[in-house]
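Read through the structure below, which is laid out as structure tokens, and then see the notes.
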Amino acid sequence: MKGFLNRLRGVERDIIQLPVEDDAGAPYYEAQNNEIEIFEAAYRKRLPVMLKGPTGCGKTRFLEYMAWRLKRPLVTVSCHEDLTSSDLVGRFLLEGEQTVWQDGPLTRAVKAGAICYLDEIVEARTDSTVIIHPLTDHRRQLPLEKKGQEIEAHEDFMLVISYNPGYQTVLKDLKPSTKQRFIGINFDYPREEIELKIVKNEVPELDDALVAKLVAAGRRARTLKDHGLEEATSTRALVYAGNMIAAGIDPVEACKAALVNPVTDDPELSEALMEIIRAHFA
Amino acid sequence: MTDSETLVAIQQALVDLEQISFVAHRDTQAALAVIQPYGNDVVLEWVLACKALFAHDRDAGKAFIRGSEAACIASQSVLSWTHQALQFLAWRGSWKAVDGYMGQLPDAYRSLGAEGEARWAALGLDWCERHLDSGIAYFRCPVLELEGGHGIAGIEEVVLPSLELFTKRRLALGTYLCGAIRVRNLLGIDAVLPWAKRGADILQAGRLRGEAFFKLESEESMSLLLENLPGFRTPEHQRLLQLVLYAWFGETFDLLEGNWSPDKGRAFIETDGEALYLPIALPSREEAILAILHAAGHMAFYSFEQRYIEALFKAVGREHPPLDEHQRITWRPLFAAYGEDMIRFQLIFDLCEDTRVDARIAATVPNYLGRLLAAAEAAPLPEGAAAAYLEWARLVLRWMAAGAPGGSDFEALRPLLSVEATVVDAYKTANEVYKNSILPYISLAERELAYIPGRSPNAARPVYPRRALDHAEFGTGTEDKDDVVKHDDIKPNPEQKQIPKHAAGEDPDFDIPPEETAGSGGRVGVGIPQPAHVMGYAKGAEYSEKGKPYAEWDYRDNRYKRNWAWVQEKQLTELDANEASKLLTQYAPALKRLKRAIQTQKPARMAPLRRQFDGDELDLEATMSYIAEKRAGMSPKANIYRQRVVQHRDTAVTLLADISTSIMQNNPNGGGRVVDSLRAGMLLFAESMEEVGDPYSLAGFASKYRDNVSYYAIKGFDERLTAHTRAILGGLSGRLATRMGAAIRHAVAGFDRAPSQRRLLLILSDGRPADYDDGGDERYLHEDTRMAVKEAVDAGVHPFCITLDAAGSQYLPQIFGPGHYLILDNINDLPKKLPEIYLRLRK
């Protein structure tokens, strides 16, 4: 299986990909709560879902896992400031003397019955957030304004957005009319025992004591959120730190590189974070 | 002269002396015993000197005679110092110098030797020649301090720089000397000259200020010194320490500047149960971190919990002493029972309690004991009794760090390692240990040396009993734990001088307890309802001492009352820079977010406007889709250009805050007072506006009667945001009532000085307009405010009201018009919301 996957690396592939069928290809995910049941229920009823939670707490991994579980292809669009509706829906292109219409990722997902994941939707321009409105209610339609057409969504199509309420709250927020169309699932950093499991699973080379220290340090560092730290130490960052340690870097240095340097430029704050890390690893 | 003649001469001199003074004669006789072995010639000379000095000045003579015995023993000679002393005869009123000289002689001989002593005396005599008072100061200065362990060179290095200061700037040695010695002891001799030169400059600017500088009494002198103090400087790392504490204990502690100064011995972090007092510098970073963890550990693990303190006094069988004026309690009675041996017990008690607390901290902070032990091992053993205590603390720590193995000498301390142990257990254990202990007697002076790095005397200050446990039981202690915006009641730092409230001067009833003016329209000054009656017009309009008059609208007569409300512009004089920086730290994340949001709005570069119908260059993407769509047979809009323009928003804003008495009341949503949010809100607003770059001004208003509307200009449009402005905002407090109309009119007039075309007046209020003299007629000032708003709009100013009054919707629509006001339900949101609101409005 792995050999097969490796052959695909570095090769262009279509964005609509059915997940690998067998269990070995299952993305690793530890349930934190009842999010799996909620998501499955929403999927059964084809309701759009909003994943809320801080960066690096497992939203994307959760969705990969759910796509695998539900055996649906997953189309991910990372939204950014200049993302226009035509980036999502599609546009006319010139091809020789002809113009051809090219479907955007959303349109493709709607047609193929995939799960379309709009990551960090708030970042996108408001015009692009509005076009998903008809998709998210009973109509389940995608209007192609430029073509003067509309598409009834495939019966398996599902829209998922992610939304990090933390740092955009000032001046940047989803419109209430957009928000209330979704089933919301809240994510947070996992509980300590789950986080331990996750880090152990992601970095199997580390011994348990080291993982325990790493997770304890990370969780302690999290307390400084909002004391200058806008994004708390994420589970992903812990996994990165674990990987750095496994790659032979001294734990303190690895944590500095993975947990401290990326999140803050504030010297006092990094000192405080380092203080926590040194205390755990000294 | 033969021997017999000499003896006669001596006798004669003594008789003469006796005739002048009985006391002098008696003292001379007493000292003679020591002088006699040096031979009769010497004795004669000495006695003559006594007589001469006594004749010159009785006090000088007495001082000489009384000091002779000790001087003779120390110097093993007589004539050298006798000759020196005789030189004092040259000056009238030199007895103080003689007194000082004789007093210091033994030390001078002992520490400097005969040669050094001669030099020391010569230097002093030179000074007497130059300026007698300086000479007196020189001789009165303890010689041991003067030399500071460096011998005569030490004296010269301290004294010589002052020569220039004296000749050029008439700086007396007395002014300079004490300070200079302290500076040298603290920072080394190299620091003395720059310090003295700076002092001389200051002295030129002003005598008083300069003298205060030299006495190390002035802020600038101290700060100059402290700037150069070696070690880990806590003020610069306050935030780090704060963050470390928050990370480990999940609480914010007040970190205040303690009153430690470098010459007061060892630097400790002290606590009074409410705040931690940091010395300006600690020897090292590691020690600072350990010390702050330890001190905070005492607070977090209930060393100062009220119930335990009470239990403690109960265990001793006595009432605890009444709380002092600050509601603090002192530990002293606990130790009093131990009398002379008090310090010994105190140290043992401290060690027991420290052991308990450190065990608890170690459960939270990994590797804490290891670090504490490492620091303790590295500490040099002091001399004297303190060494035994330090060594004992080390052993206990070693035992703890090793996981408290059984069968050691410290079994008695084991109960303290339990989670349930309290300060009462520590006290009981301390008593056990005290009974069996062989630790030596220790003096107060040595006490500070007995602590290992990181620990400090626990009973250094009277404490405010904490009630964390009481709160926890009712579930109120942890409620707002996750809330960034945590408002603790601001309590004065007893170390710092509070500016008395009436220093502000202008508010005679500042101290009137807060009245209910917020909410659904509570009233101030409600007495017998009086009609706001027009008694005549004020004469001679325009600006006078009464301030600037404005008309006021009387809805009952349907006309303006001319020159009715008088507005005086005043300055706020209560400053609190500490509070301001505290607020800024507290809201740092919010501010950072705001600034970033502002930056995204700000045209930092010439942002291209895309998809324009007109412009300098083609928007390639738009063009592509235009052509493609055109080819596809559609008729797209021709918005295919890009334009580079600076989006210029020309807006000036005044933030006008209602600072009536009602803001001093407690926040209905919990967490501090309204004024705390107001301060933070205005600070954040100002900081954000600096980022926005729009011209803005800040003002507050309060009123008492129509002829006394105070308008406090905090920052004008053309002024910069300075530390002073911040301090004003930090010290903002409430007074009097809310005559909003007059304040609005005055603020609108202030826009004359604003450079921008678009003008926005943000009014921040917590209640309806009201004043003492509105006769209970709410509508009167409402109507007047409504008219003031209307006038403002006519003058091209856009007023917008932000209110903290939940019932604001009852009256604000009438006054400001729908959509021109905003009600903030949660006052705690104010700091974050205020700049946001502005940004929304200016779009």
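Throughout, read-outs are computed from the coordinates displayed, never taken from laboratory work. None of the values given here were measured: they were computed from a predicted structure. Because the Cβ atoms are built from the backbone with ideal geometry, glycine has one as well, and the counts that use them run over all protein chains shown.
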In chain B, taking the dipole from +1 charges on Lys and Arg beta carbons and -1 charges on Asp and Glu beta carbons about the Cα centre, the listed residue (B:Ala337, B:Ala806, B:Gly258) farthest towards the positive end is B:Ala806
From DSSP H assignment alone, runs of 4+ in chain A each adding -39500 (n - 2.57), the sum over residues rounded to the nearest 500 puts [θ] at 222 nm at -11500 deg cm²/dmol
Taking the alpha-carbon centre of each part, the distance from the range B:1-67 to the range B:88-111 in Å is 18
If each part is reduced to its alpha-carbon centroid, the range B:688-755 and the range B:247-268 end up apart, in Å, by 36
With a Förster distance of 60 angstrom and the Cβ-Cβ distance between B:Arg170 and A:Lys179, calculated FRET efficiency to the nearest 0.05 equals 0.20
Of the candidates A:Leu259, B:Leu373, B:Gln104, the farthest towards the positive dipole end of the protein assembly as shown (Lys/Arg Cβ +1, Asp/Glu Cβ -1, centred on the Cα centre) is A:Leu259
Any trypsin sites (Lys or Arg not before Pro) in the range B:252-353 that lie in a DSSP loop and have at most 11 other Cβ atoms within 10 Å would be none
Residue by residue through the range B:176-191, the couplings from Karplus 6.51 cos²θ - 1.76 cosθ + 1.60 with θ = phi - 60°, in Hz, x for Gly and Pro, are 7, 4, 4, x, 4, 5, 5, 4, 4, 5, 7, 10, x, 5, 4, 7
Using alpha carbon centers only, the range A:47-80 is separated from the range B:314-363 by a whole-angstrom value of 59
In nanometres, the difference between 0.36 nm per residue of separation and the alpha-carbon distance of B:Glu217 and B:Asn185 is 9.9 nm
Exposed-loop cut sites defined as GluC sites (Glu not before Pro) in DSSP loop states with at most 15 other Cβ within 10 angstrom; longest site-free run of chain A spans A:206-282
Counting only residues 5 or more apart in sequence or on a different chain, those whose built amide H sits under 5 Å from that of A:Val100 are A:Leu93, A:Leu94, A:Glu95
In the neighbourhood of B:Ala31 defined by beta carbon distances under 12 Å, the net charge of the other residues (Lys, Arg +1; Asp, Glu -1) is +1
For chain B, longest principal axis from Cα atoms; helix B:386-401 axis from its Cα atoms; angle between them, nearest 10 degrees, is 50
Taking Cα pairs closer than 8 Å and at least 6 residues apart, the relative contact order of chain B in percent is 8
Quick calc: nm separation of the 7 Å Cα→Cβ label points for B:Ile627 and B:Lys264 -> 7.9
So, with points 7 Å from each Cα along the Cβ direction, the B:Ser408-A:Val100 label distance in nm works out to 8.0
Place a point 7 Å from the Cα of B:His724 in the direction of its beta carbon; the residues of the range B:682-716 whose amide N falls under 17 Å from it are B:697-700, B:712-716
Relative contact order in percent for chain A (Cα pairs under 8 Å, 6+ apart) equals 19
Relative contact order of the range B:232-470 (C-alpha contacts under 8 Å, at least 6 apart) in percent is 30
In degrees rounded to 10, the 0-90 angle between helix B:306-316 Cα long axis and the longest Cα principal axis of chain B is 30
The long-range amide H neighbours of A:Ile151, using H built 1.01 Å from N in the peptide plane and a cut-off of under 5 Å, are A:Leu142, A:Leu144
Rounded to the nearest 10, the angle in degrees between the Cα long axis of helix A:208-222 and the longest principal axis of the Cα atoms of chain A comes to 70
Toy charge model, Lys and Arg Cβ at +1, Asp and Glu Cβ at -1: the range B:705-843 dipole around Cα centroid in debye, rounded to 20, equals 720
Computed for the range A:192-281: size of charge dipole around the Cα centre, +1 on C-beta of each Lys and Arg, -1 on C-beta of each Asp and Glu, debye to nearest 20, value 220
HN-Hα couplings for the range B:434-442 via Karplus (6.51, -1.76, 1.60; θ = phi - 60°), in whole Hz with x for Gly/Pro, come out as 4, 4, 9, 7, 9, 4, x, 4, 9
Under the 7 Å Cα-to-Cβ spin-label approximation, B:Ser21 and A:Leu47 lie apart by a distance in nanometres of 10.5
Computed about the Cα centre, the charge dipole of the range A:2-186 from +1 Lys/Arg and -1 Asp/Glu charges at the Cβ has a magnitude in debye, to the nearest 20, of 300
Rounded to the nearest 5, the percent of DSSP beta bridges in the protein assembly as shown running antiparallel is 40
Applying the gyration tensor rule to the Cα atoms of the range B:232-470 (axes a ≥ b ≥ c; rounded if a/c under 1.5, else prolate if a/b exceeds b/c, else oblate), the class is rounded
Note, the range A:45-54: 3J(HN,Hα) by Karplus (6.51, -1.76, 1.60, θ = phi - 60°), whole Hz, Gly/Pro = x, goes 8, 6, 9, x, 10, 10, 9, 10, x, x
Per the 1/(1 + (r/R0)^6) rule, R0 = 51 Å and r from the Cβ atoms of B:Leu395 and B:Arg596, FRET efficiency to 0.05 is 0.40
If R0 = 35 Å, then B:Val793 and B:Ser635, at their Cβ-Cβ distance, give a FRET efficiency to the nearest 0.05 of 0.20
PRE zone check, label point 7 Å out along Cα-to-Cβ of B:Asp324, amide N under 17 Å, scope the range B:438-470, hits B:457-466
With the dipole of the protein assembly as shown defined by +1 on each Lys or Arg Cβ and -1 on each Asp or Glu Cβ, the option from A:Phe182, B:Ile348, B:Trp566 whose Cα lies farthest towards the positive pole is A:Phe182
Amide H contacts under 5 Å for B:Ser710, restricted to residues at least 5 apart in sequence or on another chain and with H modeled in the peptide plane, are B:Gln568, B:Ala702, B:Ser703, B:Lys704
Counting only backbone N atoms under 17 Å from a point 7 Å out along Cα-to-Cβ of B:Leu163, the residues of the range B:181-199 in range are B:193, B:197
For the range B:813-843 the chymotrypsin sites (Phe, Trp or Tyr not before Pro) that pass both the DSSP coil test and the at-most-13 other-Cβ-within-10 Å test are none
